[in-house]
Structure formats: C-alpha cells, structure tokens
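Before any comments, here is the structure.
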Amino acid sequence: MPSSAVQTDEMQREFWLMRVSGDSIAVKVPVQLGLQNDSITEIISKTISTKDNIILQGAYGLADSTAVIFDK
C-alpha cells in the first residue's frame, strides 16, 4: 500500500486506512502494519482485500462515514 494512504494518531499507536464503502462513503478501517519503507507500507491485517477501494491521497483528517466522490 502506498504509505500516503496510511493514517495514524498523534502517538503513532493506531493505524488505519479509509475505504470507500458502496460508492460514496469513506469508512475508517483499523490495520496492522508490517514492513515499511519511505513509499510503501505492508498491511498485515485481514480487514481489507485487494478488491477494496482505498483512498490513497487526501484522507488526512477525513472523518469516518464522510460522503466522498469516488472517481473510478
């Protein structure tokens, strides 16, 4: 996963991604991280799949259950 998609709290103890549910709702999905470098982060949680639509940029500060426009 691009590192820019991974969100965290101020203490960097909790990590999450924002998944687009349906076609317009951003949902916060807690994840566990694996290996990382400056641009890519391994997600070791089973809470997401390769078929999920993940917000890759611009999700910083986005609240759970926010309506979004998803450009396929």
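The values are calculated or read from the model by the stated rules, or taken from the named source; none is laboratory data. Bear in mind the structure is a predicted one, so any value in this text is a computation, not a measurement. FYI the Cβ positions are ideal-geometry reconstructions off the backbone, even for glycines, and counts take in every protein chain you see. Areas reflect the complete protein model, heavy atoms only, side chains present, ligands, DNA and RNA absent. Shrake-Rupley method; radii C 1.70, N 1.55, O 1.52, S 1.80 Å.
List of remarks:
- DSSP-assigned coil residues among chymotrypsin sites (Phe, Trp or Tyr not before Pro) in the chain, each with at most 16 further Cβ atoms within 10 Å: TYR60, PHE70
- Our summary gives the chain a relative contact order of 37 percent, counting only alpha carbon pairs under 8 angstrom and 6 or more residues apart.
- Summarised in one figure, the compactness ratio Rg/Rh of the chain, Cα atoms and Kirkwood Rh, is 0.94.
- Percent carbon-and-sulfur accessible area, the chain, ignoring ligands, DNA and RNA, probe 1.4 Å: 50 percent
- Å² of accessible area per residue within the chain, as computed with a 1.4 Å probe and no ligands counted: 73 Å²
- Here the calculated FRET efficiency for ASP9 and ALA67, from their Cβ-Cβ distance with R0 = 22 Å, stands at 0.40, rounded to the nearest 0.05.
- Under-5 Å amide H pairs with VAL68, H placed in peptide plane, nonlocal only: ILE25, ALA26
- Magnitude of the charge dipole, the chain, Cβ model with Lys/Arg +1 and Asp/Glu -1, debye to 20: 220 debye
- Potential lengthening of the chain between TYR60 and ILE44 amounts to 3.6 nm, from the contour at 0.36 nm per residue minus the alpha-carbon distance.
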